[in-house]
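Novice: Have a look at this one before I ask anything.
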Amino acid sequence: MAKLPTIDETLSTEVMQDIAGRYFGFRKLIEDDKMDLDQKIKQYSFILEKRISFDLIRIYIMLRDEELIRSFLDLANLDQRLFYDPYLVESPTIRKRVLEFQRFSGFTKAGRFKNYFFDCYENLVFHVELYRKRFLELVEEQSMITEEVKLFYAQNDINAILGFLNRISKAENGGMQGGMETGIAAGLDKKLQIETPMPIDQHLPIIPPLMHLAKIKGKLKKLIKRAYKGQTHEFLEMFSKKSTTSDHKEDL
């Protein structure tokens, strides 16, 4: 006949289960939060590449000249050439592709060129503002998870937990040597360590707020005029047809 557990054995088992439940339950909550943060970082990285990159690439292609591009970045308050590659502005295939299915408004070819440039810039400002908002949300989440990890270790010292369980185990064995092996706590602590998430700027670039169109419109007009004169006839033919401008701002 199997020996029934004593009250002390039953209580010690319940204590161990409770400790394990709280320890691994807390760990799982943190790991779930980290996974959710990783998914959002991937999502916003995709949005950055899909939305902001196309806005900028269209502007780079319309400006074409390196000097004009540098002047534009200074006016816009961009301190880096995001998504810029000299090949982009010279490749006929890319130039045609990024303007494919776009709509233009204006009475003349030059007017449509200018208006479309302004549309691209307004879209860029809109998407950068949304991106910055989402970026700050990620920073807050990363900070919150970091604090959760600190709290976890403050409340769950693996050395203390295993020492406590070891004492219970020895007590059940009548004080005899046994139970946990010496040094197991240090090994488990390293194995079960929870890494704090890396700063968000290690995953995504920091983009400063851009100047709004109204503040730099006059100076941009001069750049656009120079850019129009420096474009190829083939490229400008894309602006030959007049149509209603589409609003292609997209939420992040």
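Taken together, the values in this text are just the output of simple stated rules run on the coordinates, not laboratory data. Here the structure is a predicted model, which means the values were calculated and not measured. Quick reminder, even Gly has a Cβ in these numbers, built from the backbone with ideal geometry, and neighbours come from all protein chains shown.
Novice: Quote the convex hull volume per residue of the range 74-140, based on C-alpha atoms, as a whole number of Å³.
Specialist: 136
Novice: I need the trypsin sites (Lys or Arg not before Pro) found in the range 94-159, filtered to DSSP loop residues with at most 15 other beta carbons within 10 Å of theirs.
Specialist: When the trypsin sites (Lys or Arg not before Pro) of the range 94-159 are filtered for loop state and at most 15 Cβ neighbours within 10 Å, Arg103 remain.
Novice: Taking every alpha carbon pair in the range 190-234, what does the distance histogram look like in 5 angstrom bins from 0, in percent?
Specialist: Answer for the range 190-234: a P(r) of 5, 14, 11, 10, 10, 10, 10, 8, 6, 4, 4, 5, 4, 0 percent.
Novice: Label points 7 Å out from Cα along the Cβ direction at Tyr153 and Lys28: separation in nm?
Specialist: With each label placed 7 Å out from Cα toward Cβ, I get 2.4 nm.
Novice: Considering every pair of different Cα atoms, what Kirkwood radius, in Å, is found for the range 24-100?
Specialist: About 14.8 Å for the range 24-100.
Novice: For a quick check: sort Tyr121, Tyr87, Tyr153, Tyr131 by the number of other beta carbons within 10 angstrom, fewest at the front.
Specialist: Ascending Cβ contact count within 10 Å gives the list Tyr87, Tyr153, Tyr131, Tyr121.
Novice: For Asp65 paired with Val139, estimate the spin-label separation in nm (one decimal), with each label point 7 Å from Cα along the Cα-to-Cβ line.
Specialist: 3.7
Novice: What net charge do the residues around Ser45 carry, taking every other residue with its C-beta under 12 Å from that of Ser45, with Lys and Arg at +1 and Asp and Glu at -1?
Specialist: Net charge around Ser45: +3.
Novice: Something else now. His212 versus Leu236, label points 7 Å from Cα toward the beta carbon: distance in nm?
Specialist: 3.3
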